[in-house]
């Protein structure tokens, strides 16, 4: 089963919902995680890092990616995974 992570600014919630539905249509059975899917009270940052590390696809809906904390943390997680031990 494929797994993707869909990150978006709250201003793009409607578009993110539509994109998530379209992704499910073209990739039946694929799981798409969004930050708002994380339950209140859960360790949000830890779960975001885990979801990003597990994702095969990352989709970002923003007009200014420099403002996306999730994107920046995702880059850091991937850099750490690539770094020699």
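Points to keep in mind about this one:
- The chain: relative contact order as a whole-number percent, Cα under 8 Å and 6+ apart: 40 percent
- Helix axis angle, 44-54 relative to the chain longest principal axis, alpha carbon, degrees: 90 degrees
- Full extension of the chain between residue 42 and residue 82 yields a length gain of 11.7 nm, computed as 0.36 nm times the residue separation minus the alpha carbon distance.
- Percent of alpha-carbon pairs separated by more than 16 Å within region 1-49: 43 percent
- Helical contribution to [θ] at 222 nm, DSSP H n ≥ 4, -39,500 (n - 2.57), averaged over the chain, rounded to 500: -14500 deg cm²/dmol
- Degrees between helix 13-26 axis and first principal axis of the chain (Cα, 0 to 90, nearest 10): 90 degrees
- Viscosity 0.890 mPa s, temperature 25 °C, Stokes-Einstein D of the chain from Kirkwood C-alpha radius, µm²/s: 181 µm²/s
- Residue 58 versus residue 10: modelled label distance in nm, points set 7 Å from Cα along the beta carbon direction: 2.3 nm
No lab work stands behind these numbers, since they all come straight from the coordinates. Bear in mind that the values here come from a model prediction, so they are computed numbers and not experimental data. A quick note on method: Cβ atoms are made from the backbone with ideal geometry, for glycine too, and the neighbour counts reach across all protein chains shown.
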